[in-house]
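Just below is one structure, and these are the notes that go with it.
The values are calculated or read from the model by the stated rules, or taken from the named source; none is laboratory data. Small disclaimer: the values here were computed from a predicted structure and weren't measured. Because the Cβ atoms are built from the backbone with ideal geometry, glycine has one as well, and the counts that use them run over all protein chains shown. The accessibility values were calculated without ligands, DNA or RNA, using every heavy atom of the protein model including side chains. Shrake-Rupley method; radii C 1.70, N 1.55, O 1.52, S 1.80 Å.
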Amino acid sequence: PLEMYLATVKSDKRIEVHWERSQQRNVKYYSIDRKANDNAWINEWKFFTDTFLIDSIADTQTNYYTYRVRAIDQCDYRSEKSVIANSILLDANTTDRDFVLTWNRYKEWKTGVKEYVVERMPPTGTSFNVIAKLIPSDTSFLDTSAFLQFEDPFLYRVYAVENGNNPD
């Protein structure tokens, strides 16, 4: 099966998905399956001739999305379905003095998740700063310092790092 490299949220309505180029001969296109959260798969949701897609109808504020791909050749032979790639949905809630961040797990990298990296961008900042690196079983983080540092809105993001040589 093809390897999925990543599914990463680029904006409120945009997810980039990348996969390996098939070694199969005479590939006509790639068939992409998609599902939102734990809903049913939409098989053959899109067809692409390249090894990436931009999902521009995703609602990344509400859902996380899972993708898988297969190659289809000129004779309509279909390769096995790839392992999945999924986006991460970050949820931030406030308590009286803290921010509680939670997210879904990243699934099915061959070598697994090494860690989750939590970053924050200050209100007038132009780049994110790492505020925590968490073990793969953690899908939440308590930010106890943001209320003390910021009065204006600021941003968080979380990404998974793959074990081994593929730090996506």
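Dividing the summed -39500 (n - 2.57) terms of all DSSP H runs of n ≥ 4 by the residue count of the chain sets its mean residue ellipticity at 222 nm at -500 deg cm²/dmol. Straight-line reach from residue 10: taking Cα to Cα under 18 Å and skipping same-chain neighbours fewer than 8 places apart, the aspartates and glutamates in range are 55, 59, 91, 119, 168.
How big is D for segment 1-75, in µm² s⁻¹ as a whole number, if Stokes-Einstein is applied with the Kirkwood radius of its Cα pairs at 4 °C and 1.567 mPa s?
Details: Rh = 12.8 Å.
Rounded, D is 102 µm²/s.
Taking a spot 7 Å from the Cα of residue 16 along the direction of its beta carbon, which residues of segment 53-71 have an amide N less than 20 Å from it? From segment 53-71, the list is 53-61, 64-69.
Taking every eigenvalue of the Cα gyration tensor of the chain, multiplying by 5 and rooting it, what semi-axes result, largest first, whole Å?
On the way: eigenvalues 238, 49, 35 Å².
Equivalent ellipsoid of the chain: 35, 16, 13 Å, largest first.
Please give me, ordered by residue number, the trypsin sites (Lys or Arg not before Pro) of segment 1-59 that lie in loop per DSSP and have at most 15 other Cβ atoms within 10 Å. Sparse-neighbourhood loop trypsin sites (Lys or Arg not before Pro): 13, 21, 25.
Which value, in debye to the nearest 20, gives the size of the charge dipole of the chain about its Cα centre, when Lys and Arg are +1 and Asp and Glu are -1 at the Cβ?
Details: 21 positive and 25 negative charges, 119 e Å.
In total the dipole reaches around 580 debye.
For segment 1-96, the fraction of 1.4 Å probe accessible surface lying on carbon and sulfur atoms is 43 percent.
Taking trypsin sites (Lys or Arg not before Pro) across segment 75-152, the ones in a DSSP loop with at most 14 further Cβ atoms lying within 10 angstrom of their Cβ are 97, 107, 110. Between residue 130 and residue 96, the contour length at 0.36 nm per residue exceeds the Cα-Cα span by 9.9 nm. On the beta carbon distance between residue 23 and residue 57, with R0 = 30 Å, the FRET formula returns roughly 0.45. Rolling a 1.4 Å probe over the protein heavy atoms gives the chain an accessible area of 58 Å² per residue.
Can you list the GluC sites (Glu not before Pro) in segment 96-168 that are in a DSSP coil and have 13 or fewer other beta carbons within 10 angstrom? Mind dumping the intermediate values first?
Working: sites: 108, 115, 119, 151, 162; in loops: 108, 151.
Filter output for segment 96-168: 151.
The simple Förster model, with R0 at 25 Å and r as the Cβ-Cβ distance, assigns residue 144 and residue 105 a FRET efficiency of 0.60.
Computing Rg and the Kirkwood Rh from the Cα coordinates of segment 110-155 gives a ratio, Rg/Rh, of 1.06.
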